[in-house]
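Here the structure comes first, spelled out in structure tokens, and everything after it is commentary.
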Amino acid sequence: MQTSTPPPSPETTSPKSDSIRLLASDIDGTLLNPQFQISDGDLTALRRAHAAGIEIVLVTGRRHTFALPIAKQLGFDLWLISSNGAVTRSLGGETFHRDLMPRQVCLELCGAMQDFRGNTVLTFDKETKGAIVLEHLDDLNTSIRRWLEKNMAFIEFVVPIENALTSDPVQAMFCGSLARMGEALRALDASQMSNRITILRTEYPERDLSMIDVLNTGCSKGHALERWAAHRGFRREQVMAIGDNHNDVEMLEFAGHPVIMGNACAELRGRGWSVTLGNDQCGVAAAVAEVVNV
């Protein structure tokens, strides 16, 4: 893989201790700065950690395909845990694990959430048109609409949306303003489906944007990271995780060394987790510096 700056040689870096073997980083609000880019300091820090023998894994709510351009910027091979833990796959496309939502459960979910059809997005594990399905764009706010427009090559409009459920989806997602998604959360609670689904929330108050991801029961970033760490032979005490939002909670709870960003949401504060700098100040690099000599 060609990179503009070659990774430093192993001789220039070393772990400060042998405790951290796996470093899991969220993407949006964590690795990406407010301009939705990887800052040079964070990029250099992750390359140094990799050169020091620490495995890097990106753990994101993004679909695998949408996360790939970010992962490829790092300049070394790694694995991606995407869709909030539903898919674990290499940059080269090798799949380690998938945790899809049963089609019948998703059909029932769509029925229970009739009032939010205009806020509903279904995703499927494929890299063709139909990977993202919705009925229309009319009810989606400006922030999520920009995201959808970037993914237009993968979007298919299906009315009613249930007709798209010919196979098990990765997840259902409800997107909208904070107030509208507050209503959606109450509707999900009233549906009495909680024993068959996982509900994860990501919020950006400054953009009045909330995304509710509904996945298979037991599916989360934390479960996927725990599964991957066990596969690689790492104890949780050897895992550092860095995150900023509600959907990172399970991942941070699993990691022996949880770190939250300076820009983290209020829910993550007050738990005794280490706090690094914000994503506008290379917070990932500051966290890495605690475990790697640079």
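Under 5 Å between amide hydrogens, built in the peptide plane, is the criterion, and for L209 it picks out L178, Y204 among residues at least 5 positions away or on other chains. Which of S220, A266, Q238 sits closest to the plus end of the dipole of the stretch 166-287, meaning its Cα is farthest towards the positive end, when Lys and Arg get +1 and Asp and Glu get -1 on the C-beta? Result: Q238, furthest along the dipole toward the positive end. Based on the Stokes-Einstein relation at 10 °C and a viscosity of 1.306 mPa s, and on the Kirkwood radius from alpha carbon pairs, the chain is assigned a translational diffusion coefficient of 82 µm²/s. Annotation: peptides 135-141, 257-263, 104-110, ranked by per-residue average of other Cβ atoms within 10 Å with the highest first, follow the order 257-263, 104-110, 135-141.
In the full protein context, the stretch 87-189 carries 45 Å² of accessible surface per residue, based on a 1.4 Å probe and ignoring ligands, DNA and RNA. Within the stretch 182-206, name every residue whose backbone N is under 17 Å away from a label modeled 7 Å from Cα of T142 along the Cβ vector. Taking a point 7 Å out along Cα→Cβ of T142, the residues of the stretch 182-206 whose backbone N falls under 17 Å are 204-206. Remark: the S90-R235 segment gains 50.1 nm on full extension, using 0.36 nm per residue and subtracting the alpha carbon distance. Assuming charge only on the beta carbon of Lys and Arg (+1) and of Asp and Glu (-1), the dipole of the chain about its Cα centre is about 440 debye to the nearest 20.
With runs of 4+ DSSP H residues as the only contributors, calculate the mean residue ellipticity of the chain at 222 nm using -39,500 (n - 2.57) per run, divided by the residue total and rounded to the nearest 500.
On the way: 8 runs with 78 residues, N = 294.
The helix-only estimate for the chain comes to -7500 deg cm²/dmol at 222 nm.
Can you give the % of DSSP beta bridges in the chain that are antiparallel, to the nearest 5?
On the way: 29 of 49 bridges.
Bridges in the chain are about 60 percent antiparallel.
Whole-Hz Karplus values for the stretch 70-87 come out as 5, 4, 5, 5, 5, x, 9, 6, 7, 10, 10, 9, 10, 6, 6, x, 6, 9 Hz, taken residue by residue from phi with 6.51 cos²θ - 1.76 cosθ + 1.60 and θ = phi - 60°; glycine and proline positions read x.
Charging the Cβ of each Asp and Glu at -1 and of each Lys and Arg at +1, and nothing else, the dipole of the stretch 154-294 about its Cα centre rounds to 360 debye.
Probe radius 1.4 Å, ligands and nucleic acids ignored: give me the carbon and sulfur share of the accessible area of the chain as a rounded percent. Carbon with sulfur: 47 percent of the solvent-accessible area.
The values are calculated or read from the model by the stated rules, or taken from the named source; none is laboratory data. Only a predicted model underlies this, so the values are computations on that prediction, with no experimental measurement involved. For neighbour counting, all protein chains shown are included, and Cβ atoms are generated from backbone atoms with ideal geometry for every residue, glycine included. Remember, those area values only see protein heavy atoms, side chains included, never the ligands or the DNA or RNA. Shrake-Rupley method; radii C 1.70, N 1.55, O 1.52, S 1.80 Å.
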